[in-house]
């Protein structure tokens, strides 16, 4: 058996202020609906993780692995997905292949970051300054 891997799937949701106030980092929110189809995806990938989606119309959380969903983890590179989606939806970047000028440090953490690239390439080399 190889190295343990973790998969984190993220659903970006806008909570109304009343719902956001009701959710705390230590609370287990009910009703929760566990989705076996989502659990099967994690199992097929051979990874441990969680997925949470708010169904605002039904007032319930849906997903997989509720107890893990409430554990705190470093967001690591997950912010890149949200920032890329925001840039694309607002038209700040027209496509995933549009070249984005590098305006970061002249001596970056990784030399690959100095190249001009679009989101497709930035995600491959984890180009933090581009986000």
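The values are calculated or read from the model by the stated rules, or taken from the named source; none is laboratory data. Being a predicted model, the structure only gives us computed values, none of them experimental. All Cβ positions, glycine included, derive from the backbone under ideal geometry; neighbour counts span all protein chains shown.
Can you say whether residue 10 is at pLDDT 85 or above, surrounded by 12 or more Cβ atoms within 10 Å (Cβ to Cβ), within 23 Å of residue 86 (Cα to Cα) and in contact with a helix residue (DSSP H, G or I) (Cβ under 7 Å, 6 or more places away or on another chain), as far as the supplied structure shows? No; evaluated as a whole, the condition is false for this residue.
Step by step: first the residues of region 96-131, then only those that are in contact (Cβ under 8 Å) with a residue 24 or more places away in the chain and farther than 14 Å from residue 77 by Cβ, then the one that is surrounded by the fewest Cβ atoms within 10 Å (Cβ to Cβ). Which residue is that? Once the filter is applied, the top-ranked residue is 103. Flag not set for residue 76, criterion: over 20 Å from the mean Cα position of the chain (by Cα), under 30 Å from residue 130 (Cβ atoms) and loosely packed, with under 14 Cβ neighbours inside 10 Å.
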